[in-house]
Amino acid sequence: RLRDARLAPMGTDDDATVAPSVAKPEPVIPEVVFSKAELLQHNGVDAGRPLLMGCKGLVFDVTAGADFYGPTGPYKNFSGRDASRALALMSLAPEHAENSSLEGLKEEDLQVLDDWFKKFKEKYPVVGIIDKYE
């Protein structure tokens, strides 16, 4: 009798195999394109809309982190925007959150941005892409 080890219950008497670890699949990116103006409508001011934030061209639903990204949270400037530059610079300054350009950033800043991007991909669902990402 053949069984797929990935589906086998662990610890059963008739199964001496160990299920292989399965890598987490890359998120499926919805074909929803947000302009900067559309993204800004999801900054937490309208409680009826999901709280969205952009990073490296993707749009994440950060509603689950509303305590951080909502209108009174410490990262409120990131919501409704492409926060890539602010994340790369580890800056809460509104002028960095409002400027999504990565121009002039150092290699180490871009590495910091990559680290943040990986964290967001693990924690929040991707709901779309940013139109004309720079």
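The values are calculated or read from the model by the stated rules, or taken from the named source; none is laboratory data. From a predicted model like this one, the values you see are computed outputs, not experimental measurements. Positions of Cβ are generated from backbone atoms using ideal geometry, with glycine treated the same way; all protein chains shown enter the neighbour counts. Note: areas computed on protein heavy atoms with side chains; ligands, DNA, RNA excluded. Shrake-Rupley method; radii C 1.70, N 1.55, O 1.52, S 1.80 Å.
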Residue in segment 39-52 that is farthest from the chain's Cα centre (by Cα), counting only those that are closer than 18 Å to ASP131 by Cα and in contact (Cβ under 8 Å) with a residue 40 or more places away in the chain
LEU40
Against the definition (in contact with a Gly (Cβ under 6 Å, 6 or more places away or on another chain) and modelled with pLDDT of 95 or more), how does ASP82 come out, yes or no?
yes
Consider only pairs whose beta carbons are under 7 Å apart and that are at least six residues apart or on different chains; among these, list those whose first residue lies in segment 85-96 and is open to solvent by less than 60 Å² (accessible area, probe 1.4 Å) and whose second residue is hydroxyl-bearing (Ser, Thr, Tyr).
ARG85/SER100; ARG85/SER101
Of the residues in segment 64-82, those that are buried (at least 18 other Cβ atoms within 10 Å of the Cβ) and more than 15 Å from ILE129 (Cβ to Cβ) number 9
I need a count of the residues in segment 33-74 that are assigned to a loop (DSSP other than H, G, I, E, B) and not β-branched (Val, Ile, Thr).
17
In segment 104-131, anything open to solvent by 50 Å² or more (accessible area, probe 1.4 Å) and in contact with a strand residue (DSSP E or B) (Cβ under 9 Å, 6 or more places away or on another chain) is listed as TRP116, LYS121, LYS123, PRO125, ILE129, ASP131
